[in-house]
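Have a look at the structure below before the remarks.
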Amino acid sequence: MSAGIVILYGMAGTLMALALARRDGTFQKGLRRALEQFLILAPRMFCALIAAGFIAKLIPSEFIARYLGSEAGMTAVLIASATGIAVPAGPAIAFSIGAVFAHAGASVPALIAFITSWSIFAAHRIFIYEIPLLGLSFLRLRLVSVGATPILAGLIGIMVGWFFTLPLGAVP
Amino acid sequence: MAMATDMTMSTNEPTITEPKEQPWLRALLRRSFGRSFWGFVLFAIVSAAACYVIIGGQAFNEAVENDISMVLKTIPRIIAAMLVAGMIWVMLPRDRLTKMIGSESGMKGLVIAALAGIVTPGGPSAAFSLLAVLGGAGADRGAMVAYITSWSMLGFQRIIVWDVPMMGAEFSLTRFLVSLPLPIIAGMIARALPMRMVLADPIPIKGDKP
């Protein structure tokens, strides 16, 4: 958590020092660019974060977990993929839902599909960062390109399971 | 994205700021509180109402508490990420990068982009601002999709910090190996798709276009 922010500020500090060392206005231009991006992003981010917190509360994770067992095979992968899309929150919430699923007996391919789906469709990131920074046409292109990825990941997981015993996703 | 001249800002102190700074700042503010911003406000209100109606007041209060701490945690990250992205934006050697992951870069470009996604540290604030920088610098759409897909699915920092502690190292490794080819496949699909893609660029700096 705090390691991430230390790295981020370390990077920011280093880059700002490098820009300053050029002494040709690079630093000022960069600062201006940063301010522009921040002003576009911050108001949207604020609303999206608030919305994400409420929606995360609405997901019935224990109920869903019952449908993710290994005997459900591909169906479990599909349900898990759909659930992953519906988690509009950061890794803390997503991975704790994943752990709930694992404890409730979800299959490894289903868990792979869930985490993959959350990681590429996480709605909070789309609203907070992707739309403001890259725009809707990039979002559309990306969603079509990765649409099948979670199912594919789960499918590969199922096929790997034919040859190897998959490790359990549960943690004490 | 179309968010042109909606939302008239209440600018009742036009004489105070320097004449040169004013149009830039005003255009910027108009854009940051433009139509799409109000869409976000509506989205937040609707989800709050749904939460209150469906699961009741207590859970609603918990969500509000979570929200506040999340906002406070995120703001410093955003500031740092924007500084990183801004500085990289002005210092990046565009032509060299375009050669590496531009539209002529082929399979090699996709692999480089996917590897870059795995090693990019930090959260979405850093990754998406870098993606915007790469796009502005002329990275091709396949490389952009491969980069962000790889960062999302396989980003090393998230795996170490979250995946391994919460799901177990064996599961994380399995997931990592199973998913390894997928960002590159996604990039190939993005290249092949006949879709128009125009990047949003928040008010480009004059004379700084690639």
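The values are calculated or read from the model by the stated rules, or taken from the named source; none is laboratory data. Keep in mind the model is a prediction, meaning the values are calculated, not measured. When we count neighbours, we look across all protein chains shown, and the Cβ atoms used for this are built from the backbone with ideal geometry, even at glycine.
At a glance:
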item: Some residue of segment A:81-92 being surrounded by fewer than 20 Cβ atoms within 10 Å (Cβ to Cβ) and in contact (Cβ under 8 Å) with a residue 40 or more places away in the chain; result: no
item: Residue within segment A:25-34 that is in a helix (DSSP H, G or I), closer than 30 Å to B:G39 by Cβ, hydrophobic (A, V, I, L, M, F, W, C) and facing chain B (nearest Cβ under 8 Å) present; result: yes
item: Matching residues in segment A:92-123 - criterion: being in a loop (DSSP other than H, G, I, E, B) and closer than 20 Å to B:N66 by Cα; result: A:A122
item: Criterion: at pLDDT 85 or above, surrounded by 15 or more Cβ atoms within 10 Å (Cβ to Cβ) and closer than 30 Å to B:G86 by Cβ - qualifying residue of A:L68, A:L8, A:L41, A:L15; result: A:L15
item: Elements of type helices (runs of 4 or more DSSP H) in segment B:90-195, at least 1 residues being within 7 Å of chain A (Cβ to nearest Cβ) and not basic (K, R); result: B:124-136, B:141-154, B:164-167, B:169-179, B:182-192
item: The listed residue being in contact with a Phe, Trp or Tyr (Cβ under 9 Å, 6 or more places away or on another chain), facing another protein chain (nearest Cβ under 7 Å) and modelled with pLDDT of 95 or more, out of A:V146, A:V171, A:V108; result: A:V146
item: Exclusive hit being more than 7 Å from chain B (Cβ to nearest Cβ), assigned to a helix (DSSP H, G or I) and either on the phi > 0 side of the Ramachandran plot or in contact with a helix residue (DSSP H, G or I) (Cβ under 8 Å, 6 or more places away or on another chain) (or both), set A:A80, A:A89, A:A48, A:A42; result: A:A80
item: Test: residue in segment B:173-183 that is in contact (Cβ under 8 Å) with a residue 40 or more places away in the chain and farther than 21 Å from A:I126 by Cα; result: no
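So that you can scan it fast, the table gives a plain yes or no per residue for (1) over 13 Å from A:I55 (Cβ atoms); (2) more than 9 Å from the chain's Cα centre (by Cα); (3) basic (K, R); (4) more than 7 Å from chain B (Cβ to nearest Cβ):
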site	(1), (2), (3), (4)
A:I93	no, yes, no, yes
A:A99	yes, yes, no, no
A:A104	yes, yes, no, yes
A:A123	no, no, no, yes
A:L133	yes, yes, no, no
